[in-house]
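Derivation of every value follows stated rules applied to the coordinates shown; laboratory data play no part. This one's a predicted model, so the numbers in the text were calculated from it and none came from an experiment. Positions of Cβ are backbone-derived with ideal geometry, glycine not excepted, and every protein chain shown enters the neighbour counts.
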Amino acid sequence: MPEPTPSVLVLGDTRGLLHHGCELVLEGLLKLIQEAGATEVDVVPGLQGKSNRADVRHAKLLLLNGEGMLHHDRPVVEETLTLAEDRRRRGLRTKLVNFSWFHNCQSSTQRLVAFDGLAPRDGSTAAALREAGHPLFPMTDVAAHQTLRMIRPSAHPFGIVVGDSTQPRVARALWKLAQHRRWSSAPVLMPPGQRSGRKARKIARRIQVSQVVGSWVLSDRYRGHRDGDAKTVDHLQKLGEAEGLVTGRFHQVCMALALGTPFLAVRSNTAKIEALCRDAGLDPTHRMVEPEEIPIVQSVPPFSAQEQKCLDDWRSGLHPQWTRLRDWILS
């Protein structure tokens, strides 16, 4: 007999990327769905290439966790829109949650009307979609909610930590910065043993080879998997106890904001980090550096009194937002 179709299906389980931010997001989404009262829930890894799966096409409610994948009219944008349109024609509900939307053409933006709900994770995306006429539920990335729920901000008893980046050139510069300044390295990536799957096996083999022939065979991304924290709670504790953070990762900025850790962020391929800073009441020009400026970073400025007040206000709004989001998901 065929497997029963779940009433709620989450498409976009990115935990296979071995990334603490993805761990926080999926754990948070599943917790939201559970608190909302859903009982028949399942998850599907990734977004691209999954639209023809029977469970994806027929689930009563499909939640697409978009995160940072929907930009520059990549193929996954077209696939996601086509899936929503197909499900709309068959009377099935589809909601796009926890996503940013940058540098997609106007026709793609208009096609978002096929979704039964849009919950963008940053103010810039929300403003653009609102201007295009889409009703939406603005939210903060689930990683920030989960960080605040998992761990209390600490008193920053030790020095600066350095994260990583999806861009190899930036990841290499950040690693060199940590070595040069003798700061602690804190990549957002996890060791391969924390998850099963083809990607984890490939990373594990590469790390094993590097132990024999030398670390030069490790790419800048794989170095992060070698050096990263095994448990997400340990990673959060490290960031929470740091005097400051230098990173190229959006999700590490989410964590730092929730933990109250001052940071400098390297500009990314979209403006998602700048948007997150503005949402929290911070001036991005005071918290952003260009990739070529990484080698000259000497410190991380503490939050000013005004920045701290804005952050306190932003954090105090996360819990009521979580409650409203829970109710919205299954509404």
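With a cut-off of 15 Å between beta carbons, the residues surrounding residue 160 carry a summed charge of +2, where Lys and Arg count +1 and Asp and Glu -1. Dividing the mean sequence gap of close Cα pairs (under 8 Å, 6+ apart) by how many residues region 147-316 holds gives a relative contact order of 27 percent. Tell me the angle of helix 20-35 to the major Cα principal axis of the chain, expressed in degrees between 0 and 90 and rounded to the nearest ten. Rounded to the nearest ten degrees, it is 40.
Of the trypsin sites (Lys or Arg not before Pro) in region 62-156, the ones in a loop by DSSP (not H, G, I, E or B) with at most 10 other beta carbons within 10 Å are 90. Taking amide H atoms as placed 1.01 Å from N in the peptide plane, the amide H of residue 122 lies under 5 Å from those of 139, each 5 or more residues away in sequence or on another chain. Once the Cα atoms of helix 75-89 and of the chain are each reduced to a long axis, what angle between those two axes, in degrees from 0 to 90 to the nearest 10, is obtained? Helix 75-89 sits at roughly 30 degrees to that axis. Of all DSSP bridge pairs formed entirely within the chain, close to 5 percent run antiparallel.
Computed across the chain, the Kirkwood radius stands at 20.5 Å (inverse of mean 1/r, all Cα pairs). The distance between label points at residue 290 and residue 88 comes to 4.1 nm (points 7 Å beyond Cα on the Cα→Cβ vector). Model label sites at residue 331 and residue 53, defined 7 Å from Cα along the beta-carbon direction, differ in position by 2.8 nm. Compared with the dominant Cα axis of the chain, that is its longest principal axis, helix 305-316 is turned about 30°. Taken as Cα centroids, region 249-271 and region 276-310 sit 9 Å apart, rounded to the nearest whole angstrom.
Stretching residue 234 away from residue 73 to a fully extended chain increases their span by 54.4 nm, per 0.36 nm per residue minus the current alpha-carbon distance.
If you take every residue apart from residue 149 with its C-beta less than 12 Å away from the C-beta of residue 149, what net charge results, scoring Lys and Arg +1 and Asp and Glu -1? Result for the local shell: +1. Among residues other than residue 280 with Cβ under 12 Å from its Cβ, the summed charge is -4 (Lys and Arg +1, Asp and Glu -1). With one equal scatterer per alpha carbon and no solvent term, the Debye-computed log10 I(q)/I(0) for region 67-179 at 0.18 1/Å reads -0.97. A convex hull fitted around the alpha carbon atoms of region 147-316 yields 118 Å³ per residue.
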